[in-house]
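A.B. asks: Below is a structure I'd like to ask you about.
The values are calculated or read from the model by the stated rules, or taken from the named source; none is laboratory data. All figures in this text were calculated on a predicted structure; none of them were measured in a lab. Glycine gets a Cβ as well: all are built from the backbone with ideal geometry, and neighbour counts include every protein chain shown. Keep in mind that these areas ignore ligands, DNA and RNA; they rest on the heavy atoms of the full protein, side chains included. Shrake-Rupley method; radii C 1.70, N 1.55, O 1.52, S 1.80 Å.
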Amino acid sequence: MVGPGGREHAMITSLLRDPHVSEVHAAPGNAGIAQDVPVHPLNAQDPEAVVALARELSADLVVVGPEAPLVAGVADALDAAGIPVFGPSREAARIEGSKSFAKEIMAAAGVPTARAVATSDMTQVREALELFGAPHVVKDDGLAAGKGVVVTQDRDRAEAHARECLDAGGSVVVEEFLDGPEVSLFVLSDGEHVVPLQPAQDFKRVRDGDEGPNTGGMGAYTPLDWLPEDFTREVVERVARPVVNELRRRGTPFTGVLYCGLALTPRGVQVIEFNARFGDPETQSVLAVLETPLGQLLLDAAQGRLSEDRPLEWAQGSSVTIVLAAHNYPGAPRKGDVISGLEDVSQDPDTWVIHAGTERDDAGHLVSAGGRVLAVVSRGADLREARERGYRGVGRITLDGSHYRTDIALAAAEGRVTVPASSKTAGPGSEDPGAVADPDGRTEPSTAEEQA
Ligand code: AMP
Ligand code: GLY
């Protein structure tokens with residue numbers, strides 16, 4: 001397992017439950033991962049170093065967790081060395097690494113998404129802002145570790161963000177605002193076949209009520225009872241399969257997980273973005289209820305053997321993930337704070353802790369080492385029960401200055417999430433300007449500006 005975070009710890013937790021997986025190693029891992037499996041120091045973005053370690057361990061499969069190593073060509077190097085790898089090539093990972101490339105693929109494949117203008121020219125930026133109107137959406141074209149997107153009512157702020165990106169030598173994508181609840185759907189692909197997991201929802205903003213700046217994700221839950229019944233099938237047929245087909249047609253097949261970030265708008269399902277890897281923290285909840293053994297599934301994807309005919313097995317009930325973040329996150333997080341109380345969380349067998357930014361200090365104490373420090377994952381008969389367990393678990397952890405959202409999955413548990421009328425029945429792209437936006441969705445940016 002290549003990567004250091006919560007998503008990787010969650011995958012390792014699942015792999016260790018798979019009876020066919022004999023051994024798991026992680027590089028570079030974190031303090032929680034190191035409690036579960038051997039870890040190895042590694043620069044995950046150095047393709048040759050990853051290949052060397054995989055050879056040393058005689059790995060049957062390398063799973064690449066985060067996007068940066070994929071964009072750096074780690075999967076290409078493993079593939080060239082004949083080592084099975086779960087994760088796309090550098091070229092296919094551009095679906096995440098370049099927003100304008102993603103738009104190009106979607107246009108070629110007929111996938112519904114926000115209208116957009118990709119440019120490195122300030123005059124064109126202004127024209128596009130004028131064309132689409134407020135709220136404005138301006139995205140850095142390249143990978144920006146979550147800092148690249150500004151959604152704002154403030155025209156000057158939108159222009160300033162575009163100018164910053166252009167001044168740094170990059171280009172931007174200006175696009176229309178998509179209004180409606182967001183859904184993350186992970187779709188496994190072996191380059192040809194596609195197998196969807198269960199949809200999840202992420203909570204991007206740092207504070208309750210979707211207030212404050214965007215983060216990597218403050219919590220998640222699955223399943224989404226409020227979705228239209230054929231949602232997953234529709235996204236597979238209208239979004240994932242056309243994209244996988246288009247990438248294969250171009251000679252750059254996509255192997256790994258295509259993360260479809262979607263908005264359920266009054267015009268139907270629209271793509272907000274693609275990622276070339278699992279989402280964090282949605283993965284923690286999705287894998288908590290996946291009963292199909294993960295190892296074989298990832299190996300099948302890596303080796304072109306995914307079966308679309310064998311449905312995945314899911315546990316009954318719900319899973320909720322609550323992220324505990326460090327003081328000052330999503331700004332520069334304070335590090336080195338001592339963490340305690342984790343043993344108390346696992347008194348409840350349906351609640352456990354996934355480590356993200358943790359390490360051991362010189363004295364051997366568990367300390368914070370990143371913005372998102374831990375995630376408490378819980379399962380329950382329904383969202384209400386899973387939330388109760390999860391929040392009880394979070395309450396047992398002590399980390400000075402830490403914070404978490406108290407409303408993860410709350411609206412869904414109370415039946416308050418609704419889908420814009422036309423998203424329920426009509427296909428993507430269908431027009432229904434009269435539909436009412438969801439009160440729990442992003443009817444408008446919650447504050448004057450949001451940075452993703
Ligand atoms: P991205 O990096 O593209 O995932 O964007 C980060 C977040 O910004 C998304 O999860 C959305 O909440 C928001 N966002 C991005 N694009 C749009 C859009 N066209 N309309 C509304 N919100 C958006
Ligand atoms: N949870 C959002 C992401 O992984 O990008």
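A.B. asks: Quick check: net charge around residue 398, other residues with Cβ under 13 Å of its Cβ, Lys/Arg +1 and Asp/Glu -1?
C.D. replies: Net charge in that neighbourhood comes out at -3.
A.B. asks: I've got another one for you. From largest accessible area down, sort 100, 346; use a 1.4 Å probe on the protein chains.
C.D. replies: 346, 100
A.B. asks: Would you check the chain for Lys pairs whose C-alpha atoms are within less than 18 Å, ignoring same-chain pairs closer than 8 in sequence, and give me the count?
C.D. replies: The number of close lysine pairs in the chain is 6.
A.B. asks: If I model a spin label as a point 7 Å beyond the Cα along the Cα-Cβ vector, how far apart are those points for residue 108 and residue 400 in nm?
C.D. replies: 5.4 nm
A.B. asks: Based on the Kirkwood radius over alpha-carbon pairs, what value in µm²/s does the Stokes-Einstein equation return for the translational diffusion coefficient of segment 66-157 at 4 °C and 1.567 mPa s?
C.D. replies: Here the translational diffusion coefficient equals 86 µm²/s.
A.B. asks: Still on this structure, please answer the following. Which residues among segment 190-227 fall inside the zone where the amide N is under 16 Å from a point 7 Å beyond the Cα of residue 237, along Cα→Cβ?
C.D. replies: It comes to 194-196, nothing else.
A.B. asks: Heavy-atom accessible area per residue, segment 143-189, 1.4 Å probe: how many Å²?
C.D. replies: 36 Å²
A.B. asks: Ok, one more. Let me check something: with ligands and nucleic acids excluded, how do 229, 182, 104 order by accessible area (1.4 Å probe), largest to smallest?
C.D. replies: 229, 104, 182
A.B. asks: How big is the accessible area of residue 350 in square angstrom, nearest 10, if you roll a 1.4 angstrom probe over the protein chains?
C.D. replies: My reading of the accessible area for residue 350 is about 50 Å².
A.B. asks: Also, quick follow-up: Measure out, as a whole number of angstrom, how far apart the alpha-carbon centroids of segment 351-400 and segment 40-69 sit.
C.D. replies: What the calculation gives is 27 Å, centre to centre.
A.B. asks: Summing +1 for each Lys or Arg and -1 for each Asp or Glu, what net charge is found among the other residues whose Cβ lies under 10 Å from the Cβ of residue 31?
C.D. replies: Value of the local net charge: -1.
A.B. asks: Hey, any idea what % of the chain's accessible area is carbon plus sulfur with a 1.4 Å probe?
C.D. replies: C and S fraction of accessible area: 47 percent.
A.B. asks: Starting from the Cα coordinates of segment 308-358, work out the convex hull volume and express it per residue in Å³.
C.D. replies: 142 Å³
A.B. asks: Follow-up question, since we're still on this one. Taking a probe of 1.4 angstrom, what is the accessible area of residue 139 in Å², to the nearest 10?
C.D. replies: 10 Å²
A.B. asks: Same structure again: What list of whole percents do you get for P(r) of segment 157-219, with Cα-Cα distances grouped in 10 Å bins up to the one holding the largest distance?
C.D. replies: Answer for segment 157-219: a P(r) of 16, 27, 35, 20, 1 percent.
A.B. asks: Just the Kirkwood number for the chain, please: inverse of mean 1/r across all distinct Cα pairs, in Å, one decimal.
C.D. replies: Roughly 22.1 Å, rounded to one decimal.
A.B. asks: Once phi is turned into θ = phi - 60°, what whole-Hz ³J(HN,Hα) does the Karplus curve with 6.51, -1.76 and 1.60 give for every residue of segment 223-234, x standing for Gly and Pro?
C.D. replies: Here the 3J(HN,Hα) series is x, 10, 5, 7, 6, x, 4, 9, 3, 5, 4, 5 Hz.
A.B. asks: Taking all protein chains together and a probe of 1.4 Å, list 334, 241 from the most accessible to the least accessible.
C.D. replies: Final ranking, largest accessible area leading: 334, 241.
A.B. asks: Apply the Debye scattering formula to segment 1-158, with a single equal point scatterer on each alpha-carbon and no solvent, then give log10 I(q)/I(0) at q = 0.15, 0.19 Å⁻¹.
C.D. replies: Evaluating at q = 0.15, 0.19 Å⁻¹ gives log10 I(q)/I(0) of -0.85, -1.09.
A.B. asks: Can you give the alpha-carbon Rg of segment 39-85 over 2.2 N^0.38 Å, where N counts its residues?
C.D. replies: Normalised Cα radius of gyration, segment 39-85: 0.99.
A.B. asks: Would you kindly calculate the mean projected area, averaged across all directions, of the convex hull enclosing the Cα atoms of segment 104-197, in square nanometres?
C.D. replies: If you wrap the Cα atoms of segment 104-197 in a convex hull and average its projections, you get 7.4 nm².
A.B. asks: Let me ask something else. So, how do all the Cα-to-Cα distances of segment 210-294 break down into 5 Å bins, in percent, from 0 on up?
C.D. replies: Percent of Cα pairs in each bin: 3, 11, 17, 24, 22, 14, 7, 2, 0.
A.B. asks: Could you tell me which of 331, 281, 148 has its Cα farthest along the dipole of the chain towards the positive end, charges placed at Cβ (Lys, Arg +1; Asp, Glu -1), taken about the Cα centre?
C.D. replies: Going by the charge dipole, the pick is 148.
A.B. asks: Now a separate question. Quick one: net charge around residue 64, please, counting Lys, Arg +1 and Asp, Glu -1 for every other residue with C-beta under 13 Å from its C-beta.
C.D. replies: -3
A.B. asks: Right, another one. Per-residue accessible area for residue 55 at 1.4 Å probe radius, Å² rounded to 10?
C.D. replies: About 150 Å², rounded to the nearest 10.
A.B. asks: I'm checking a number: the convex hull volume of the Cα atoms of segment 325-396, normalised per residue, in Å³. What is it?
C.D. replies: Output value, Cα hull per residue: 82 Å³.
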